[in-house]
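What follows is a short report on a single structure.
The values are calculated or read from the model by the stated rules, or taken from the named source; none is laboratory data. Predicted model, so just to flag it, every value in this text is computed and none were measured. Cβ: placed from backbone, ideal geometry, glycine included. Neighbour counts: every protein chain shown. Remember, those area values only see protein heavy atoms, side chains included, never the ligands or the DNA or RNA. Shrake-Rupley method; radii C 1.70, N 1.55, O 1.52, S 1.80 Å.
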Amino acid sequence: MVTLRCTQKLLRRISGPVTETGGKPTTLLGDWHANIRFSKPQHLVIGISDRTLLPVIVPAKHIHTLPERFVMAVHEILTGLGVDPQMADTECGQMRDLHFGRTNNRRALGSLNDLIFHLDCYLQADPYASLPKLSLHLSTIIYKPIGYRSPKDVTLELFASGAARSVYRVCP
């Protein structure tokens, strides 16, 4: 189980119910925070992992299919980073139980706003860049909240740690 914690701007467009209880996530990357970016040629949903600030970008078109497309994009980014495909499958399998909630972490929101600023800069240079390529590129930005490291490094370290193996033994 995982919660996609959305800004008000994004929640207004999502038709799914909003979960207020906020159960503990069963995934290694934890809950996700997401916002919508209105731009041309397409509107985008940008999400970051609560634990590693790993960015994932998906088109906002057909917002009713966002949960499925978001999980597929997370899988693509994890394998693109070099995470063991079996661990990526397990992580995304647990993300299939995705709920929507309200944002609750100012650190994640600040990092998300910073990420959107960087995304705007990259899209000005190349408005038709592929979204997985942009996500992977943005994962190399250094952030203070994760110890002046990049989301890519923190994510790879998390999946390589013994904690990852023990979490996946407990959760089917």
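With q set to 0.14, 0.19 Å⁻¹, the log10 of I(q)/I(0) for the chain, from the Debye formula over equal scatterers at the Cα positions, is -0.68, -1.33.
Using helices alone, I'd like the mean residue ellipticity at 222 nm for the chain: each DSSP H run of four-plus residues gives -39500 (n - 2.57), total over residue count, nearest 500.
Here the helix-only value at 222 nm equals -14000 deg cm²/dmol.
Listed by chain and number, the lysines placed with their C-alpha closer than 30 angstrom to that of residue 133 are 9, 40, 61, 144, 152; residues fewer than eight positions away on the same chain are left out.
Solvent-accessible surface of the chain, taken per residue with a 1.4 Å probe and all protein chains present: 50 Å². With the convex hull of its Cα atoms as the shape, the stretch 48-106 has an orientation-averaged projected area of 4.5 nm².
Between 108, 129, 160, the GNM of the chain built on Cα springs shorter than 10 angstrom shows 129 fluctuating the most.
For a modelled paramagnetic label at residue 40, 7 Å from Cα along Cα-to-Cβ, the residues of the stretch 95-130 in reach, with backbone nitrogen under 14 Å, are 124, 127-128.
Kindly point out which whole DSSP H helices in the chain project their C-alpha atoms 20 angstrom or further along the helix axis while averaging a Kyte-Doolittle hydropathy of -0.5 or above.
66-81, 106-125
Each residue of the stretch 6-89 gets 102 Å³ once the volume of the Cα convex hull is shared out per residue.
Checking every one of the trypsin sites (Lys or Arg not before Pro) in the stretch 3-98 against DSSP loop status and a limit of 12 other Cβ atoms within 10 Å picks out 12, 61, 96. The apolar share of the surface of the stretch 1-126, taken as the fraction of accessible area on carbon and sulfur atoms (1.4 Å probe, ligands and nucleic acids excluded), comes to 53 percent.
About its Cα centre, how strong a charge dipole does the stretch 1-113 have in debye, to the nearest 20, once Lys and Arg get +1 and Asp and Glu get -1 at the Cβ?
Computed charge dipole of the stretch 1-113: roughly 700 debye.
Summarising the label geometry, the points placed 7 Å from Cα in the beta-carbon direction at residue 140 and residue 26 lie 3.6 nm from one another.
Between the exposed loop cleavage positions of the chain, defined as chymotrypsin sites (Phe, Trp or Tyr not before Pro) in a non-H, G, I, E, B DSSP state with at most 13 neighbouring beta-carbon atoms within 10 angstrom, the longest gap is 39-127. Spin-label model, residue 18/residue 86: points 7 Å from Cα along the beta carbon direction are separated by 4.1 nm. In loop segments of the stretch 14-113 as defined by DSSP, the GluC sites (Glu not before Pro) with at most 13 further C-beta atoms inside 10 Å of their C-beta are 20.
Computed over the stretch 7-49, the P(r) tail beyond 15 angstrom holds 55 percent of alpha carbon pairs.
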